[in-house]
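The values are calculated or read from the model by the stated rules, or taken from the named source; none is laboratory data. Source: prediction; values computed, not measured. Methodologically, a virtual Cβ is constructed for each residue, glycine included, from the backbone with ideal geometry; neighbour enumeration extends over all protein chains shown. Each accessible area value is taken on the protein alone, full model and side chains, heavy atoms only, with ligands, DNA and RNA left out. Shrake-Rupley method; radii C 1.70, N 1.55, O 1.52, S 1.80 Å.
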Amino acid sequence: MKLRWFVTLSSLPLLGVVTAFGIMPQTDVISGAQQTVIEDIALPSATAVATSATSFWRNERIQRGDTIAELLRRLNVEDQAASDYLRKNKAAEGLRRLSVGKEVQAETDANGALLALRYPDSDGNQVVIEKNGGGFKVSSLPAVTEKRIQIRTGEIKTNLFAATDEVGLPDPAANQLADIFGGDIDFHRDLRKGDKFTVIYEMNYVNGEPARTGRILSAEFINHGHAFRAAYFQTTEYTGDYYSPEGKSMRKAFLRSPLEFSRVSSGFSKSRFHPILNKWRSHKGVDYAAAMGTKVKVTSDGVVSFVGKQGGYGNVVMVDHQGRFSTVYGHLSRFASGLHKGQRVGQGQIIGYVGMTGLATGPHLHYEFKMNGVQRDPLKVALPDGKPISEAQRTAFSAATGALFAQLDTYHNTRIANLD
């Protein structure tokens, strides 16, 4: 029995390491090579290793309402001196202020005495509290940052956000996905059940913890059976954009919609019964129903020509683009801070927030798209393309994006929900 107890205890540090770093997802190649082996193994004498040489690592996350005593209990720390130090010493104040969800690691000996404790500070550095003679010492190690490439594939059942949530794609990456393909796909009207997507993107980690979603490197969206593909290419030292495999820019001169996700409540029409004026009149724009305060984006680079109140529009922003185009954003609850006439704005920049000012029965955005001063249906008009890859950069583009498009080939039409 003593021998079994010693073997069990000796294996625990190894189990702690596995817990700390996670378990690699198994692939068919790995599982195919696995086999069960049973054989007798000669065990060393239980007295060959001193018990005091054994230590154990355990990880726990801060929970709502945690006290130092409760945290140490979950970490299997039974050390009154350590508890007193962590509860009272100023050097351990950062531990007492950790927010919910932050990870703490503790190393203990076989009797539960604390040997070391590690946790991240507010700057991402790793604080280490170690046993030092009869007391403890505190040191700080620089944050270890890294980028990891992650892959998510999913299928549309109801809407884009529901599908990206289901496969664990972070919201910032989902927004990027909508922006990349927003010139070709109207995510308000064009999505169909069974549409598929694959996203290859960067995730930034600090001390092994996910910290910030990075850039999408390449993506595919299959809509109505038609596959749209894009990869990021750095065109200059400071700028880059998304291009199709043929080098066509994915960035249209105009976004299809000034809102990320909503529904069209009233389309472009030559004759519509106005719910407030109680008469038939043309509706030369598109209304998007959305929650009060939803962010409104300018659909193209341009210059603000008007900001303020104007008749039935209520709070409205008007923007001139490329000389012959202009756009209108009406019924806003408020404007973006500092927005003013004559200001240059960039495609996708937030210019205001959905409201119901002016002639409006509920919160929505009234959006108009004009060509040479004449309103056109923004959902149907052919939008001008952005600039394609130049011939001078064609070779560099192929070299930089070839592997990215090849990865999309690998995952084409395949659902992989959690492959990192």
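If you go through the stretch 360-379 and keep only what is acidic (Asp, Glu) and either more than 17 Å from Leu255 (Cα to Cα) or surrounded by fewer than 19 Cβ atoms within 10 Å (Cβ to Cβ) (or both), you end up with just Asp377. Out of (1) farther than 28 Å from Gly247 by Cβ; (2) in a strand (DSSP E or B), the odd one out for Gly362 is which? For Gly362, the failing item is (2). Looking for something touching a helix residue (DSSP H, G or I) at 6+ places or on another chain (Cβ under 9 Å) and under 30 Å from Ala92 (Cα atoms) - is there at least one such residue anywhere in the stretch 156-171? No, because not a single residue in the stretch 156-171 is touching a helix residue (DSSP H, G or I) at 6+ places or on another chain (Cβ under 9 Å) and under 30 Å from Ala92 (Cα atoms).
Looking only at residues in the stretch 63-117 that are acidic (Asp, Glu) and farther than 13 Å from Ile129 by Cα, which one is nearest to the chain's Cα centre (by Cα)?
Ranking the qualifying residues of the stretch 63-117, first place goes to Glu103.
Among residues of the stretch 205-222 that are more than 15 Å from Phe233 (Cα to Cα) and among the charged types (D, E, K, R), those with a Cβ under 6 angstrom from a residue that is open to solvent by less than 40 Å² (accessible area, probe 1.4 Å) and part of a strand (DSSP E or B), sequence gap 6+ or separate chain, pair up as Arg212/Asn204; Glu220/Thr198.
For the stretch 121-159, the tally of residues that are in a strand (DSSP E or B), under 30 Å from Leu191 (Cα atoms) and open to solvent by less than 70 Å² (accessible area, probe 1.4 Å) stands at 6. Across the stretch 55-68, the qualifying residues are those that are closer than 16 Å to Arg97 by Cβ and not basic (Lys, Arg), and the one among them that is surrounded by the fewest Cβ atoms within 10 Å (Cβ to Cβ) is Gly65. Mind listing whichever residues of the stretch 282-331 are among the small types (Gly, Ala, Ser) and out of contact with any Phe, Trp or Tyr (no Cβ under 6 Å at 6 or more places or on another chain)? Listed by number, the residues that qualify are Ser282, Ala289, Ala290, Ala291, Gly302, Ser305, Gly308, Gly311, Gly312, Gly314, Gly323, Ser326.
Test Lys380 against the criterion of being assigned to a loop (DSSP other than H, G, I, E, B) and more than 28 Å from Thr198 (Cβ to Cβ), and give yes or no. Spelling it out, Lys380 is indeed assigned to a loop (DSSP other than H, G, I, E, B) and more than 28 Å from Thr198 (Cβ to Cβ). Of the numbered criteria (1) assigned to a loop (DSSP other than H, G, I, E, B); (2) open to solvent by 10 Å² or more (accessible area, probe 1.4 Å), the one Asn315 fails is (1).
For the stretch 181-208, taking the residues that are open to solvent by 10 Å² or more (accessible area, probe 1.4 Å) and of a type in the set (A, V, I, L, M), the one that is nearest to Lys147 (Cα to Cα) is identified as Met203. Looking across the stretch 334-359, the residues that are open to solvent by less than 50 Å² (accessible area, probe 1.4 Å) and touching a residue at least 60 places away in the same chain (Cβ under 8 Å) come down to Gln347, Gly348, Tyr353, Val354, Gly355. For Ser271, the conditions (1) part of a loop (DSSP other than H, G, I, E, B); (2) modelled with pLDDT under 50 all hold with the exception of (1). Listed by first and then second residue, the pairs with beta-carbon distance under 8 Å, at least 6 apart or on different chains, first residue in the stretch 122-147 and at positive phi, second open to solvent by less than 80 Å² (accessible area, probe 1.4 Å), are Gly124/Ala143; Gly124/Val206; Gly124/Asn207; Gly124/Ala211.
Say we look at the stretch 160-169 and pick out the residues that are small (Gly, Ala, Ser) and assigned to a helix (DSSP H, G or I); which of these is most open to solvent (accessible area, probe 1.4 Å)? Break it down into steps so the answer makes sense when it comes.
Keep residues of the stretch 160-169 that are small (Gly, Ala, Ser), which gives 162-163, 168.
When the remaining residues are screened for being assigned to a helix (DSSP H, G or I), the result is 162-163.
Details: Ala162: 44, Ala163: 3 Å².
By that ranking, first place goes to Ala162.
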